[in-house]
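Worksheet: one structure, shown below.
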Amino acid sequence: MKRLAYIVFLLFSIFNFPGNSFAQSTAGLDQSTSRTVEDGGSGPYKAIMLSEATLPTHTVFRPKDISVFGSKNKLPIIAWGNGACANSPWEHVNFLSEVSSYGFLVIAIGPMPKEGERGGGKSTSSQMTDAIDWAIAQNNDKTSPYYNKIDVKKIAVSGMSCGGLQTLETAPDPRVTTTVVCNSGILGNIGSGMPGMPALTKEHLTKLHTPTLYILGGEKDIAYNNGMDDFRRINHVPVFVANMDVGHGGTYRQPHGGEFARVATAWYQWQLKGNKKAGKLFKGDPSGLANPNWKVEKKKIR
């Protein structure tokens with residue numbers, strides 16, 4: 001029954017996606033193509049959300065000033081898939097802006113939402129690959145502002161709910177170096193026939209080849225059983241699962257993306273930037289994240 005409820009929830013979400021609001025853009029930015037979310041994040045690089053003319057099908061989150069990035073300090077790539085496989089990142093802008101403010105190039109599926117817009121539409125996993133391809137091409141293009149500023153050897157695929165399934169579908173790409181699955185998990189050996197969602201079976205988990213993080217909303221999360229079942233089945237790569245009792249909606253719309261953003265950002269810092277201090281959140285016995293707010297388990301991570 002829980003699996004059926006999860007399927008119904010995802011299908012309903014695909015066709016009935018709600019809305020959100022955004023902060024005003026900072027002075028000097030073109031409001032039609034860029035905007036500052038909240039205060040630009042709490043990280044060392046204030047972030048902006050923008051629409052790139054060379055990738056209008058996606059929304060880019062990146063530090064506002066990229067002149068500080070170059071050969072010795074590059075921007076790792078994070079490709080993001082949205083809840084309900086929606087073709088808009090509106091629900092996650094606080095979260096994605098916060099992550100970006102720590103020095104990441106985040107590329108979310110879907111055009112940049114206008115102020116207060118309830119973005120929707122349907123997306124596919126291939127758009128996550130498009131994001132990676134675009135970033136690599138920009139890094140190699142001498143006419144691009146991103147030329148030689150992107151770390152094309154450090155790439156994460158990440159997503160929430162149905163976007164988490166898109167993440168898992170894309171994760172076998174050999175260019176991917178880490179995977180983050182939020183409020184999601186493979187439903188089971190259901191084959192195809194679920195419109196709007198990647199038709200993955202549990203056997204797909206054997207294709208994962210990178211350290212993988214699951215962030216779930218505890219037992220109230222409709223994806224909890226599926227995500228925890230994924231975790232139990234993954235034994236060939238390092239894997240960490242963190243549960244916070246907030247349900248399927250997570251903390252994405254809280255200021256600076258809430259606790260989910262804090263944990264995800266630490267994982268990205270560790271896996272994509274080699275930040276050992278951030279890695280302490282996941283290493284050790286117990287791990288640094290183990291506290292009354294979080295229940296954690298891990299494999300192949302000391």
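The values are calculated or read from the model by the stated rules, or taken from the named source; none is laboratory data. Please read all numbers here as calculations on a predicted model, not as lab measurements. All Cβ positions, glycine included, derive from the backbone under ideal geometry; neighbour counts span all protein chains shown. The protein model used for the area step is the full one, side chains on, heavy atoms only, and it has no ligands, DNA or RNA in it. Shrake-Rupley method; radii C 1.70, N 1.55, O 1.52, S 1.80 Å.
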### Query
How much net charge surrounds Ile234 when only the other residues with a Cβ under 14 Å from the Cβ of Ile234 are counted, with Lys and Arg +1 and Asp and Glu -1?
+3
### Task
Give the percent of DSSP beta bridges with both residues in the chain that are antiparallel, rounded to the nearest 5.
45
### Query
Rounded if a/c is under 1.5, else prolate if a/b is larger than b/c, else oblate: which is the stretch 135-200, with a ≥ b ≥ c the root eigenvalues of its Cα gyration tensor?
prolate
### Summary
quick note, the stretch 26-177, DSSP beta bridge pairs, % antiparallel (nearest 5) is 55
### Gyration tensor verdict on the stretch 128-252 (Cα atoms; rounded if a/c is under 1.5, prolate if a/b is larger than b/c, oblate otherwise)
prolate
## Note on the structure
In nanometres, the difference between 0.36 nm per residue of separation and the alpha-carbon distance of Ala199 and Asp141 is 17.3 nm
### Query
When only alpha-carbon atoms count, how far does the stretch 239-302 stretch along each of its three principal axes, as whole angstroms with the largest first?
30, 23, 17
### Using a Förster distance of 30 Å, the FRET efficiency for Ile66-Asn291 (Cβ separation, nearest 0.05)
0.30
### Task
Determine the per residue accessible area of the stretch 113-211 with all protein chains present and a 1.4 angstrom probe, expressed in square angstrom.
39
### Message
Pairs of alpha-carbon atoms within less than 8 angstrom and 6+ residues apart define the contacts here; what relative contact order does the stretch 33-172 have, in percent?
### Response
29
### Query
Can you name the helices of the chain, as whole DSSP H runs, whose Cα span along the helix axis is 15 Å or more and whose Kyte-Doolittle mean is not below 1.0?
2-15
#### Entry: Potential lengthening between Gln254 and Asp133 on full extension [0.36 nm per residue; Cα-Cα distance subtracted]
40.5 nm
## Note on the structure
Under the rule rounded for a/c under 1.5, else prolate if a/b exceeds b/c, else oblate, using alpha carbon gyration tensor axes a ≥ b ≥ c, the stretch 168-229 is classed as oblate
### Query
Roughly how many percent of the accessible protein surface of the chain is carbon and sulfur, given a 1.4 Å probe and a whole-percent answer?
53
### Query
With the contact rule set at Cα under 8 Å and sequence spacing of 6 or more, what percent relative contact order holds for the chain?
16
### Query
Of all the Cα-Cα pairs you can form in the stretch 64-188, what percent are over 26 Å apart?
19
### Query
How do Arg175, Arg232, Arg118 rank by accessible surface area computed with a 1.4 Å probe, from largest to smallest?
Arg118, Arg232, Arg175
